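**Q** Quick one: the structure is below, and I'll ask about it shortly.
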Amino acid sequence: MPPEIGRMQRFAAELLARQGALVELIEPEAIEVLAPPAVQQALGMHELFRLGFGAAPPAGATRVGIESDWLDRFGQLLGEAGHCAQLVLHPDARAPADPQRVLEHALVLDNATFRLLDVVPAWTRYAILYFRFSAVSDEKRDGVLRLGVNLATGALPDAVLEQIAPWLAGDGAEASLPEDADPPPVWERGRLLELVDRALQPRLDTALAPFAKGLSRRFGRDQERLYSYHNDLHRETMRRLLALAEGDAARRREEQRIEAIRREYQAKLDDLSRQYAMRVAVEWVQTLQLVMPVQRFMVQIRRRKAERVMHLDWNPLARRLESPPCEFSWSDERPRLVCDEALHLVTKEGIAPCEDCGRVFCRACHRERCPRCRSAVRRSGVARGFHGG
Ligand SMILES: [Zn+2]
Ligand SMILES: [Zn+2]
């Protein structure tokens, strides 16, 4: 029996059961289904039916295979549900032996001190979003981007998610949530979208950086070539022109030629910019809600006379403490600086001098404008701002 038939059967049985159908295995390669009305409607089947997954289905069974229209019918049944899944993991979540050391390793603050107050077992929920992106220029690059947020702490633990990726793929075997588990609630849609709006960009930039770099190199090389060609033409024409007397008809012609060279050069440059402009498209594909136990570190941040307590989760599968997000850019870059006003943790960029008046200010405190000169806060990004130059 080819392995994909077994998988198909299991997929169908699980999907149907999840949609409220009663599913019974009647033969190694066949199931009998008692379907509620919604399932009957989506699949175009009666209340009771049999599905066969082998080469020779039993009597009365409809044969299901990947070549048939059954993938479409199951897709119908999945509907929106397929875009949002929940996974509960329940690993051994004992705390690390030396939390102090773990914290010192994970948290690097350039201008503040911190103190570990406590470590307590807790539950968290990660919203993990998958996006498909494609960048098109003179070449094309596409891929899948994963963006996850810890809904209890607000951390965006890219490195932790990378490490636990094998568990995320899952084999469909879910642990159930223990009675005493209290994961944080799902975020309201607007809050999540706002975070995605900020956090996706730096990650997309990172994913596209090698592509953008190659693009920029090819663009630079072609620009150079264009310049050198037209510069030679220009110089040559200039030389002829200077040899001619003022008011000479031949000199007029050379002047017109120089003007034509200038125009052609500009037009060719414009063409090149268009050719190398990068268009990026991003499409949300799926969201996974991962619920699991963690160890929660209560950390006190101190800067000058001010202090703030923040929570950082230690993930037992990755055996790693999640670093706090930059509260301005939501990027994963380190280290962090602490602002004076609200003790925000931000990257260097988040507390840089104003580009117009030079005033140093926290972009998490002042998201839109510089508090002194009111000039708008700019956000960088290759994918956003790159137009071939
Ligand atoms: Zn300013
Ligand atoms: Zn701040």
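**Q** Restricting to segment 80-133, count the residues that are out of contact with any Lys or Arg (no Cβ under 9 Å at 6 or more places or on another chain) and assigned to a loop (DSSP other than H, G, I, E, B).
**A** Counting residues in segment 80-133 that are out of contact with any Lys or Arg (no Cβ under 9 Å at 6 or more places or on another chain) and assigned to a loop (DSSP other than H, G, I, E, B) gives 9.
**Q** Tell me which residues, restricted to segment 140-178, are outside any helix (DSSP H, G or I), modelled with pLDDT of 85 or more and of a type in the set (A, V, I, L, M, F, W, C).
**A** Selection gives 144, 145, 147, 149, 151, 152, 155, 156.
**Q** Turning to a different aspect of this structure: Can you confirm whether residue 305 is free of Cβ contacts under 8 Å to residues at least 24 places away in the same chain, surrounded by fewer than 16 Cβ atoms within 10 Å (Cβ to Cβ) and either aromatic (Phe, Trp, Tyr) or more than 27 Å from residue 203 (Cα to Cα) (or both)?
**A** For residue 305, the condition - free of Cβ contacts under 8 Å to residues at least 24 places away in the same chain, surrounded by fewer than 16 Cβ atoms within 10 Å (Cβ to Cβ) and either aromatic (Phe, Trp, Tyr) or more than 27 Å from residue 203 (Cα to Cα) (or both) - is met.
**Q** Continuing with the same structure: Looking only at residues in segment 335-376 that are outside any loop (DSSP other than H, G, I, E, B) and more than 16 Å from ligand 1 (Cβ to nearest atom), which one is farthest from residue 104 (Cα to Cα)?
**A** Narrowing segment 335-376 to residues outside any loop (DSSP other than H, G, I, E, B): 336-338, 345-346, 348-351, 353, 360, 369, 376.
Remaining after also requiring more than 16 Å from ligand 1 (Cβ to nearest atom): 336-338, 345-346, 348.
Working: 336: 13, 337: 15, 338: 16, 345: 16, 346: 18, 348: 20 Å.
By that ranking, first place goes to 348.
**Q** Looking at (1) part of a loop (DSSP other than H, G, I, E, B); (2) in contact with a Gly (Cβ under 6 Å, 6 or more places away or on another chain); (3) away from ligand 1 (no atom under 16 Å from the Cβ), which is the only condition residue 328 fails?
**A** Failing condition for residue 328: (3).
**Q** Still on this model: Please specify each residue of segment 327-353 satisfying the condition of being away from ligand 2 (no atom under 11 Å from the Cβ) and buried (at least 19 other Cβ atoms within 10 Å of the Cβ).
**A** Applying the first criterion (away from ligand 2 (no atom under 11 Å from the Cβ)) to segment 327-353 yields 329-336, 347-349, 352-353.
The answer is 329, 330, 331, 336, 347.
**Q** Output the number of the condition that residue 260 fails; it satisfies all remaining conditions of (1) crowded, with 17+ Cβ neighbours inside 10 Å; (2) in a helix (DSSP H, G or I).
**A** With respect to (1) crowded, with 17+ Cβ neighbours inside 10 Å; (2) in a helix (DSSP H, G or I), residue 260 is out only on (1).
**Q** Sticking with this structure for a sec: What is the number of the single condition among (1) in contact with a His (Cβ under 8 Å, 6 or more places away or on another chain); (2) at pLDDT below 95; (3) crowded, with 22+ Cβ neighbours inside 10 Å; (4) assigned to a strand (DSSP E or B) that residue 287 does not meet?
**A** Here residue 287 clears every test but (3).
The values are calculated or read from the model by the stated rules, or taken from the named source; none is laboratory data. Remember, it's a predicted structure, so these values are computed and weren't measured experimentally. For neighbour counting, all protein chains shown are included, and Cβ atoms are generated from backbone atoms with ideal geometry for every residue, glycine included.
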